[in-house]
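The structure appears right after this line, and notes come after that.
Only the coordinates and a few stated rules stand behind these numbers; no lab work does. Remember, predicted model here, so these are calculated numbers, not experimental data. So basically every Cβ, Gly included, is an ideal-geometry build from the backbone, and we count neighbours across all protein chains shown.
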Amino acid sequence: MSIMGTRVVRVEDPVFLTRGATYTDDLTDERLTGALHLTLVRSPIAHATITSIDVSAAREAPGVVAVLTGEDIDLPAPLLFPGANKAMVRPWLATERVRFVGEPVAAVLTEGRYQGPDAAELVEVDYEPLPAVVDVHASATDEVLLFPDAGTNTAAVYNKEDPDPDFFADCEVVVTRDIVNQRVAAASLETRAASAVWGDDGRCTLFCSNQNAQGARDEVAGWLGVDASQIHVVLPDVGGGFGAKIGADPEFGLVAWLARHTGRPVRWSESRSENMTGMVQGRDQRQTITIGGSRDGRVKAYRLDVVADAGAYPRLGVFLPVFTRMMAPGTYDIEKVDSRARVVVTNTTSTAAYRGAGRPEATAAIERAMDLFAAEIGMDPAEVRKINVVPPEKFPFTTKGGAEYDSGEYAKAIDLALEASDYAGLRAEQKARRERGDAKLLGIGVSSYVEITGGGAFAENASIEVHPDGSALIWTGTSPHGQGHATAWAMLASDQLGIPVEKITVRHGDTDQVPEGGGTMGSRSLQTGGVAVHKASLELIDLAKQRAADILEASVEDLEVDTANAAIVVRGAPGSPTVTFAQLAEREELKVKTVWDGKKPTFPFGSHVAVVEVDTETGKVTVERIWAVDDAGPVLNPLLCEGQRHGGIAQGIAQALLEEVVYDPDGQPLTATFADYGFPSAAELPSFDLVPMETPTPINPLGFKGIGEAGTIGSTPAVQSAVIDALAHLGIRHIDMPTTPLRVWEAIQNAVKEDG
Amino acid sequence: MTGVKVEITVNGRSTTDEVEPRLLLAHYLRENVGLKATNIGCDTTSCGACTVLLDGESVKSCTVLAVQADQLAVTTMEGLAGESGDSLDHPVTAAFRQEHGLQCGFCTPGMVMAVAGLIAENPDLDERAVREGLEGNLCRCTGYHNIVRAALVAAGKDPDAAQAAEAESDAARTAPGFSAGSSEGAGA
Ligand code: FES
Ligand code: FES
């Protein structure tokens, strides 16, 4: 029986559940012996001119080896997003101006860990406050410039054409609305950390918490002005990333530079409070949605206008509206789609990828638009969706957003979700509660979504070597941080070679061992790196057959793999001589390296039904159930796949209900600790009902699409919609996320007032 | 620096050191004893990544000073792994593996100890009791679904039946809006 599709428990777990994983801050690598501890002095003000920095008292503090300011650093300030305005560089340590709360202004190096914060408190910085720019619309006016040399606060504009005033001319019904896709924090449980040491050979070993060793190596090398071969990046275990650990952080470059400057290893690990302003944040788009169509439920035209917040220093967030625009039409076959986006800088933490990265914003927008349209024409929201989805016979389907959807059964996914949830029964219960005048009302939300996975780097490499003892090693350019690639990649190889999963080791995240690789992001890993492992296994079999042909005195065409014994045998000749992979490896190195290039992304899709209970007396929302259909093609390991869906659904619910990174008008973060940020615990979430559905992609031989972000993308609009749906009979059409008790309660009060 | 001598039994072994009075138990375990499973995920007693058992009760070791643990016994996740240090025979760690109750693993050592503490307190758990009992332990990866299952399995319950019962129950949920900042389960 094939191992594919079975619930293999993780090979990662025995260590993780006994001595624990080894994260960057856990390293006891002897090269780091005697390391200095880096503490960063960070700006408490969002926008200010620095008038003086006095480090003299800090230099005298116990254990202090050095205190440095930007003046001491002889590296050009990096542009963190290559396409951004060249004036929008981020200083290593600010010297003239600070642009967000949390921006580093001085670096303190101490012998002991506890001495750093003590000394950092003695650094005296004088600031002359400047007006803070927090609101994106205010930023777009350029009244206050963050980078006077840039002459503008706009970091990017996508689609400069003026909107066509007749775009909705032939629509019977047109609805428009301003909505907010709020800023959220990735909040990986491991914060950022890096350690660096330079060897006698002039190379730097940089240990860091990241989603792509090779990318981090190239960035850090570029910043330091050295050849990439001089930087050896090693990723220890990584405690979650969710997109926020894509790309090197400037702090990594600083750690490497400080290690070179002092001639000693340097360690850095940030506190949670630093992380909540220092690590990139996600989402943050103000959107205007306009949807038009006819009263029979057919949508004809859709427009999405986006103003996105890049934060103070442009990073990946500048690019993400490209994904939002591409995925704007969602699962729907809409005649006319129009979108534009502007990205501006503000005095806040930089934005970048967060689980879904640009696509959840697109889905939330179109799904809200569908709900508004359905409400306007008085049609069931599930029905409106089914009328408008791309029908199966139209695939591959090129959308008005410019994407080529590979495969999909969108209406079927909606039907499965409706059926699993007993949608009609839920509507009946909702009605009964309203009629009884219950204080606790039921809300039902339906989402239909499609997303793009493996949208960045389509190619990935894999190597496999079989050893004489029958074990095997796989090297991959992907970079798991919880996803379970050690198990999944071993299953893919085991399926072809017959070598048991327990005898296969997977190596990743070390640029000396795997010099090339695209890392793990954008749900790319299985369909790129996983398929590469499959391809490498087949190539290894070809190589083994060529070598076995001589030994077995048979032609290559007559040979096949006996997976029960991990051996090459002659087809249809039981009892004849065989040779195992291990025996072949004994004679000569048995190793292949290959690259799989799918050349295209894939488009997983699905549908969620969420049921919430809204307490009309308090505004409190409770998610009762969520049924999720998430179709990412065939499932390699249901245990891992379900885990990805669970985590994604939870993060999606959290955005809909609880989480928001908030800045006050002065740019002060009000959610800078876990005590203030709405990170959900087990008590706020239900168990999740997962409904299976598997539609393969033609893009790769195994039919795999990505599953990492699907849950997040589907659940947010379903839950938000459910909250609003509970109150629809009061005339409420929209409540911005997060739908906190206060917002819900206010919406109810306003509706009741208008009514009375 | 003037140190204070502490003697703390960690996973059955006696440890001793001169420590700064402000040294956190979490740092004592990680740096002085060298047991790195216990993690630190926040600075506001919110995440529970640092949860250990102190004389059998779960506490957040980032909120306990090493000097407060003087003469007491601490159990960390390493302490569940037997003499060999690699045994998965403990019902809680075994259940976490079987139910895929961990992904990146960062919350895991604290979560495992919180579950061990919860079961020690009351083994007769249902889904709601597990969810409320783990309110002080945050996980970003799993959505808690499989952690809850692992806890139920470790307590000898049938997770499928327990989840089905919870899904059917129409009982109003009593959990507050969100739990961040809760210091429930913390010592000191
Ligand atoms: S480290 Fe977060 S509660 Fe202790
Ligand atoms: S497994 Fe990653 S935080 Fe829980």
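From the phi of every residue in region A:54-59, what ³J(HN,Hα) in whole Hz does the Karplus formula 6.51 cos²θ - 1.76 cosθ + 1.60 yield, where θ is phi - 60° and glycine or proline is x?
Result, ordered by residue: 10, 9, 5, 5, 4, 5 Hz.
Could you give me the ³J(HN,Hα) list for region A:171-177, computed from phi with Karplus coefficients 6.51, -1.76, 1.60 and θ = phi - 60°, whole Hz, x at Gly and Pro?
Karplus values, whole Hz, x for Gly and Pro: 9, 5, 10, 10, 10, 9, 6.
Taking the number of other C-beta atoms within 10 Å as the exposure measure, put A:Glu103, B:Glu83, A:Glu190 in order starting with the fewest. Could you put the intermediate results ahead of the total?
On the way: A:Glu103 27, B:Glu83 7, A:Glu190 30.
Ranking A:Glu103, B:Glu83, A:Glu190 by Cβ neighbours within 10 Å, fewest first, gives B:Glu83, A:Glu103, A:Glu190.
Average partner chain C-beta neighbours within 10 Å, per residue of B:32-40?
Numbers: counts 0, 0, 1, 2, 9, 8, 2, 8, 7.
Other-chain Cβ atoms within 10 Å of each residue's Cβ, averaged: 4.
Averaging the inverse of every distinct alpha carbon separation and then flipping it gives the Kirkwood radius. What is it for region A:455-597, in angstrom units?
Numbers: mean 1/r = 0.0652 Å⁻¹.
About 15.3 Å, per the Kirkwood formula over Cα pairs.
Take every residue in peptide A:186-192, count the Cβ atoms of other chains within 10 Å of its Cβ, and give the average of those counts. Walk me through the numbers on the way to the answer.
Working: counts 1, 5, 5, 17, 9, 5, 0.
Counting other chains' Cβ atoms within 10 Å and averaging over A:186-192 gives 6.
Take the Cα gyration tensor of chain A, multiply each eigenvalue by 5, square-root it, and list the three semi-axes largest first, rounded to whole angstrom. Show your work: numbers first, answer last.
Working: eigenvalues 352, 304, 98 Å².
Working through the eigenvalues yields semi-axes of 42, 39, 22 Å.
Sort A:Asp510, A:Asp380, A:Asp630 by Cβ crowding within 10 Å, fewest neighbours at the top.
On the way: A:Asp510 18, A:Asp380 13, A:Asp630 30.
Placing the least packed residue first, the sequence is A:Asp380, A:Asp510, A:Asp630.
Over all directions, average the projected area of the Cα convex hull of region B:4-174 and note it in nm².
Details: hull surface 39.5 nm².
For the Cα atoms of region B:4-174, the hull's average projected area reads 9.9 nm².
Which whole number gives the average, over all residues in A:637-648, of C-beta atoms from other chains lying within 10 Å of the residue C-beta? Present the calculation step by step, with values, prior to reporting the outcome.
Numbers: counts 1, 1, 4, 2, 0, 4, 10, 4, 2, 9, 10, 2.
Taking the mean over all residues of the peptide, I get 4.
Only counting other Cβ atoms within 10 Å, I'd like A:Val108, A:Val579 sorted with the fewest neighbours first.
A:Val579, A:Val108
Hey, how much of the P(r) for region A:521-615 falls beyond 20 Å, as a percent of Cα pairs?
Details: 2387 of 4465 pairs.
Cα-Cα pairs in region A:521-615 separated by more than 20 Å: 53 percent.
Nearest 5 percent is fine: what portion of the DSSP beta bridges confined to region A:418-577 is antiparallel?
Details: 9 of 13 bridges.
Just about 70 percent of them are antiparallel.
Could you sort out which of A:Lys336/A:Lys705; A:Lys412/A:Lys599; A:Lys245/A:Lys600; A:Lys86/A:Lys245; A:Lys300/A:Lys600; A:Lys386/A:Lys412 sit more than 18 Å apart by Cα distance in this structure? Don't jump to the answer; show the numbers that get you there.
Working: A:Lys336/A:Lys705 28 Å; A:Lys412/A:Lys599 28 Å; A:Lys245/A:Lys600 24 Å; A:Lys86/A:Lys245 23 Å; A:Lys300/A:Lys600 29 Å; A:Lys386/A:Lys412 9 Å.
From A:Lys336/A:Lys705; A:Lys412/A:Lys599; A:Lys245/A:Lys600; A:Lys86/A:Lys245; A:Lys300/A:Lys600; A:Lys386/A:Lys412, over 18 Å: A:Lys336/A:Lys705; A:Lys412/A:Lys599; A:Lys245/A:Lys600; A:Lys86/A:Lys245; A:Lys300/A:Lys600.
List the residues whose amide H sits under 5 Å from the amide H of B:Ala49, counting only those 5 or more places along or on another chain, with H placed 1.01 Å from N in the peptide plane.
Under 5 Å from the amide H of B:Ala49: B:Gly41, B:Leu138.
Is the shape of region A:261-416 best called rounded, prolate or oblate, per the rule: a/c under 1.5 gives rounded, else a/b larger than b/c gives prolate, else oblate, with a ≥ b ≥ c the square roots of the Cα gyration tensor eigenvalues? Intermediate results must be reported in sequence, preceding the final value.
Details: a/c = 2.69, a/b = 2.26, b/c = 1.19.
Here region A:261-416 falls in the prolate category.
What is the distance in Å between the Cα centres of region A:375-453 and region B:1-37?
56 Å
Within 10 Å of each candidate Cβ there may be at most 11 other Cβ atoms; applying that plus a DSSP loop requirement, which trypsin sites (Lys or Arg not before Pro) in region A:128-228 survive?
Working: sites: A:Lys160, A:Arg177, A:Arg183, A:Arg192, A:Arg203, A:Arg217; in loops: A:Lys160, A:Arg192, A:Arg203.
Counting only loop positions with at most 11 other Cβ atoms within 10 Å, the trypsin sites (Lys or Arg not before Pro) in region A:128-228 are A:Lys160.
Using modelled backbone amide H atoms (1.01 Å from N, in-plane), which distant-in-sequence or interchain residues come within less than 5 Å of A:Leu590's amide H?
Counting only residues 5 or more places away or on other chains, the set is A:Val466.
Among bridges DSSP assigns within chain A, what percent are antiparallel (round to 5)?
On the way: 99 of 124 bridges.
Counting DSSP beta bridges with both partners in chain A, the antiparallel share is about 80 percent.
Quick one: divide the alpha-carbon radius of gyration of region A:62-138 by 2.2 N^0.38 Å and tell me what you get.
Numbers: Rg = 15.3 Å, N = 77, 2.2 N^0.38 = 11.5 Å.
Relative to the rule-of-thumb radius for its length, region A:62-138 sits at 1.33.
Taking θ = phi - 60°, what integer Hz values does the Karplus form 6.51 cos²θ - 1.76 cosθ + 1.60 yield along region A:660-669, in sequence order, with x for Gly and Pro?
My calculation for region A:660-669 gives 6, 7, 10, 10, 7, x, 8, x, 7, x Hz in order.
Just to confirm my numbers, what's the Cα centroid distance between region A:230-244 and region A:32-67 in Å?
With region A:230-244 and region A:32-67 each reduced to a Cα centre, they are spaced 26 Å.
At a 10 angstrom cut-off on C-beta neighbours, averaged per residue, how do the peptides A:241-254, A:416-429, A:631-644 rank from highest to lowest?
Numbers: A:241-254: 25.9, A:416-429: 16.6, A:631-644: 23.2.
Per-residue mean Cβ counts within 10 Å order the peptides as A:241-254, A:631-644, A:416-429.
Among all the lysines, which ones have a C-alpha under 29 Å from B:Lys5's C-alpha, if same-chain residues fewer than 8 places away are not counted?
Result set, ordered by chain and number: B:Lys36, B:Lys60.
Over the C-alpha atoms of region A:229-308, what are the Rg and the largest Cα-to-Cα span, Dmax, in Å?
Using the Cα atoms of region A:229-308, the pair Rg, Dmax is 22.2, 73 Å.
Could you list which residues have their amide H under 5 Å from that of A:Thr346, counting only those 5 or more apart in sequence or on another chain, with H placed in the peptide plane?
A:Ala310, A:Gly311, A:Ala312
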